[in-house]
Each structure stands twice: as structure tokens, then as C-alpha cells.
1. Once the whole set of protein chains is in place, how much accessible area is left on Glu74, using a 1.4 Å probe, in Å² to the nearest 10?
2. What order do Ser143, Ser219, Ser207 take when sorted by accessible area (1.4 Å probe), most exposed first?
3. For a Förster distance of 45 Å, can you work out the FRET efficiency between the beta-carbons of Arg82 and Phe15, rounded to the nearest 0.05?
4. Once the Cα atoms of helix 100-111 and of the chain are each reduced to a long axis, what angle between those two axes, in degrees from 0 to 90 to the nearest 10, is obtained?
5. Once amide H atoms are built 1.01 Å from N in the peptide plane, which residues 5 or more positions from Asp55, or in another chain, come under 5 Å H to H?
6. Using a Gaussian network model on the chain with a 10 Å cutoff between Cα atoms, which of Ala155, Ala42, Ala165 fluctuates the most?
7. Tell me the accessible surface of Ser174 in square angstrom (1.4 angstrom probe, heavy atoms of protein chains only), to the nearest ten.
8. Among Lys114, Lys161, Lys14, which one moves the most in a GNM of the chain with springs linking Cα atoms closer than 10 Å?
Amino acid sequence: MISLKNIYKYYDSKFQRTFVLKDIDLEISEGEFVTIMGPSGAGKSTLLNIIGMLDEPSEGEYYFLDQPAHKLNEKKKVEFHRNFVGFIFQAFHLIDEMTVYENIETPLIYKGVKSKERQGLVADMLDRFNMVAKKDLFPAQLSGGQQQLVGIARAIVGKPKLLLADEPTGNLHSDQGKQIMELLSQLNSEGITIIQVTHNEEFAKYSRRIIRLTDGLISSDNISN
């Protein structure tokens, strides 16, 4: 599903080149649950952003569903985002002026899903996450854990093949974090490929494979128990 070949990411200033990622070779199959770990500045979020086509490598090739992502134009990337990729962020990134219902519905509007079908899909999500009673509330009226549930509902309502989660539990207390991880685990068992970035060793164990980055290089890639 995902194939990265000799991926480099660097920034050039007048006198030097600063490397963020160096010579990354990585294969991720459909249906995997992968965690990317490493110290701050190791390149974790950059790698996730390249996989999610939010950023481009400086060098190397990236194939997503057999398509050369490193050659796709902006329009094609937007199409891929709409149809295949869901994002969950540490800071939730909900739209403050929209209700829970409207936040979840937004990706479906972008996808051009008809009104009646949208209603059904959003209702399913509200039901699944026990948020029917909160559908008319705004993000500011929700706890952090509830906001992240809305973020996940929004990310999966369009039935993506790939879910990218950047520190999805970073702003939550441990019980809420555990709830989110159990939910991701369940989504993975339903067939969604998940790649998460986390600092939390405990939460990394929910995945089946842990990739560690050090100074922009893959230092280990292990199947977890």
C-alpha cells in the first residue's frame, strides 16, 4: 500500500544543508497498525506528513496504492485526501464555529456526497461514538476526549483506507488516551490501515509494528507482540 524508497527531506540555507529525514526505505501493507516513535526532532511528523501527502520529500520516491505520490499534482493529491486518507491531530483541529454534527459532515460535503447519504453517515458516527446528545454543541463545550472523538469521527466518516494519527492522545489524560487507543485498535481490526506517531510506550503497544527514528534515520523496525 505504501512504499518509500530512498526518501530524504532537507532544508538548504546559505552555507549548509539541514537533514530532517535521511535515506528512508519503508514498506507498509494494507491492514497494518504501525507506530512511529523517536525523540523530538527525529523526523516523525515530517515522515507522517510525507506519507499523508501534506509535505513532499526533497529526494526519493513514494508510492501510495501503486501511484507515484511524488509525481502527483495538487489536484490529484486533494482527490487522494478526500477518498483514501483520514487525519487525526494532537490539537484536534475542529472548526470552532461549527457544531459537532457540522464538523463530522464537512469531509462528506467536500467529497460531494448527497445530502440524504450524508445524514445517514453522520448519524452512524454520532451513534457509534455515543454523541447523539452532543450533536448541536460546539467544540468549546466539549472535553478534550470528546473533541478527539469528534476528530476521529470526522477522519473516518468518509471511509478512508489509511488513517494517520499525529500524537492523537498528546492532549488527553491517560484514561481518555486509553479510550482513543482502543478505538484505533478496533478501527484497525475493521480493516483500516493506521500509522500513528506517539511518545507513549504504553500506547505504542496497541500497534503491531514499531518503527523508531533517530536523527532522521530508521534505527529499528520491529513487530510488537
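1. Counting only protein heavy atoms, the figure is 120 Å².
2. Ser219, Ser143, Ser207
3. The pair Arg82/Phe15 has a calculated efficiency of 0.60.
4. 60
5. Residues meeting the amide H criterion: Ile50.
6. Ala42
7. Ignoring ligands and nucleic acids, Ser174 comes out at about 80 Å².
8. Result: Lys14 has the largest fluctuation of those listed.
The values are calculated or read from the model by the stated rules, or taken from the named source; none is laboratory data. These numbers come from a predicted model, not from an experiment. Note that each Cβ is placed from the backbone with ideal geometry, even for glycine, and that neighbours are counted across all protein chains shown. With ligands, DNA and RNA removed, areas are computed over all heavy atoms of the protein, side chains included. Shrake-Rupley method; radii C 1.70, N 1.55, O 1.52, S 1.80 Å.
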